[in-house]
Amino acid sequence: MNQVINEKLINRNKKIGNITSILGIAILIAGLILNFQPTTVNTILSFTALIVGFVVAQISTSYVNRFGRSPRMDEVFGENLSKLNNDYTFYVYSSPIPMLLVGSSGLWIPIPVSASGEIYFDKKWKQRGGSFLFKFFGQENIGKPTIEAVNNEKVIREFISQHLDESEMPPINAVLVSMNPKAMIGDVENAPLPIVKPDGLRRHIRRVDRKAETEISPEILAKINAALAQGK
């Protein structure tokens, strides 16, 4: 498998995560210090600092989770997909969406899910159990992965349609990947999207691609990769 990784963007966003982390802590500390000298002005400033610090901390958490942790989510995906043949190319922050796998049977959009506890589907994605504190701070909640997948598919479909005729449009698949080692996959029989653990990602893609009725011709595959390489 080939990989195209936007290292410049990753390093920049890693720095943003580190800077906002320090800034958020500094603002929160400042808010606490102001509380030690209770006046009307200090109380207002302290309350404002706590709100701003919380928002900055949330922004920092988002950047650190995606770009600052080691291994990063894309590195986990890349390691598990590495044994795919060279017909596949994994684009990491170098396509219109964060991560995209292009293969001879279609395009794949892996969506990382950080939720803890039991993940299941009952009319919508839900989770049972897990850490209340982490979920409160947005680190381990289930979110809306189906909407994320639909939006990513729309973006990549619009991009590809600028370079291919409608009849040449390849299949586009999305798969959720449960990244939390403490998570369990429950009843997902009626789920709109499949969900797998990282070590099952390659097997799932291979299984679906083997069942594909048609393959993308080398010419169309070359067009797609050339368009993604140009980034326009």
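The values are calculated or read from the model by the stated rules, or taken from the named source; none is laboratory data. These numbers were taken from a predicted model, which means no experiment stands behind them. Counting neighbours? That spans all protein chains shown, and the Cβs are built from the backbone with ideal geometry, glycine included.
A quick yes/no check of all residues on (1) loosely packed, with under 13 Cβ neighbours inside 10 Å; (2) outside any loop (DSSP other than H, G, I, E, B); (3) touching a strand residue (DSSP E or B) at 6+ places or on another chain (Cβ under 6 Å):
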{"residue": "GLY31", "(1), (2), (3)": "no, yes, no"}
{"residue": "VAL41", "(1), (2), (3)": "yes, yes, no"}
{"residue": "PHE47", "(1), (2), (3)": "no, yes, no"}
{"residue": "VAL64", "(1), (2), (3)": "no, yes, no"}
{"residue": "PRO71", "(1), (2), (3)": "yes, no, no"}
{"residue": "GLU75", "(1), (2), (3)": "no, yes, no"}
{"residue": "ILE97", "(1), (2), (3)": "no, no, no"}
{"residue": "VAL102", "(1), (2), (3)": "no, yes, yes"}
{"residue": "ALA115", "(1), (2), (3)": "no, no, yes"}
Select from region 150-168 the residues that are at pLDDT 90 or above and among the small types (Gly, Ala, Ser) and list them in ascending order.
SER161
Report whether or not TYR120 is outside the structural domain of ASN18 (by TED's automatic domain parsing), crowded, with 18+ Cβ neighbours inside 10 Å, touching a strand residue (DSSP E or B) at 6+ places or on another chain (Cβ under 9 Å) and at positive phi.
no
Test result for TRP125, surrounded by 18 or more Cβ atoms within 10 Å (Cβ to Cβ), over 30 Å from VAL55 (Cα atoms), under 18 Å from the mean Cα position of the chain (by Cα) and of a type in the set (Phe, Trp, Tyr)
no
